[in-house]
1. Under 19 Å between alpha carbons: how many lysine pairs meet that in the chain, if sequence neighbours fewer than 8 apart on the same chain are excluded?
2. What does the convex hull of the Cα atoms come to per residue for region 8-90, in Å³?
3. Hey, what D do you get for the chain in µm²/s if you plug the Kirkwood alpha-carbon radius into Stokes-Einstein at 20 °C and 1.002 mPa s?
4. Between N38 and L126, what FRET efficiency comes out of the Förster formula 1/(1 + (r/R0)^6) with R0 = 25 Å and r the beta carbon distance, rounded to 0.05?
5. Could you list the square roots of 5 times each eigenvalue of the Cα gyration tensor of region 44-83, that is, the equivalent ellipsoid semi-axes, sorted largest first and rounded to whole Å?
6. Enter the per residue convex hull volume of region 95-183, computed from alpha-carbon coordinates, in Å³ rounded to the nearest integer.
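No lab work stands behind these numbers, since they all come straight from the coordinates. Just so it is clear, the structure is predicted and the values come from calculations on it, not from any experiment. Counting neighbours? That spans all protein chains shown, and the Cβs are built from the backbone with ideal geometry, glycine included.
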Amino acid sequence: MKAQIPTNLEYALLGLLHQHPQSGYDLRKIFATTALGNYSSSPGAIYPALKRLETRGLISGEIDDAKELRPRKLFSPTTEGLAIFRSWLQEDFSAEDVGRRLDNLMLKFAFHSVLDDQAASHEFLLALAAGLDTYVEELEAQLEMIPEQAPLQPRLALDAGIEQTRAAARWAHKAARQFKEAKS
């Protein structure tokens, strides 16, 4: 049987559990109150994701009844779960990832400190900045191909995408410089 690749929600859960053991309720609160809510704050998604991770042996849960009247299950990543998580953090990404899955790349970068490798984070940012610069050029070429007589809305919508991608590229360049300065 082929091993299932974790979903982005599952990778986010592994990243949070890498920080310290947490219950499903603790994790749900984090998703509900932070930008991770983009991946889901729904108990209908988080609890089944935890169950899948546990079934596949990527996390383990232990009942913690020492502190509360109602025992709760605290989850921690297993050795295999940490290895898969670290491998995901080190995966190369494609031009398509930059153009279509930037939010997933940012999730990956948010947990990059797990690698404890400033050089790897710097390289990630340099590759991201270069990919974003290339994507801006592609979008600008698409904008040029819109006929003059076309309605204004598609042109403006594409222009918004170009501006958002330029902003992301500026951030990636700035962040890469900060990593370079921190290494000096």
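1. Lysine pairs, 8 or more places apart or on different chains, close enough: 7.
2. 94 Å³
3. Answer from the Stokes-Einstein relation: 115 µm²/s.
4. Taking R0 as 25 Å, the efficiency between L126 and N38 is 0.50.
5. Equivalent ellipsoid semi-axes, largest first: 21, 13, 6 Å.
6. So the per-residue hull volume is 81 Å³.
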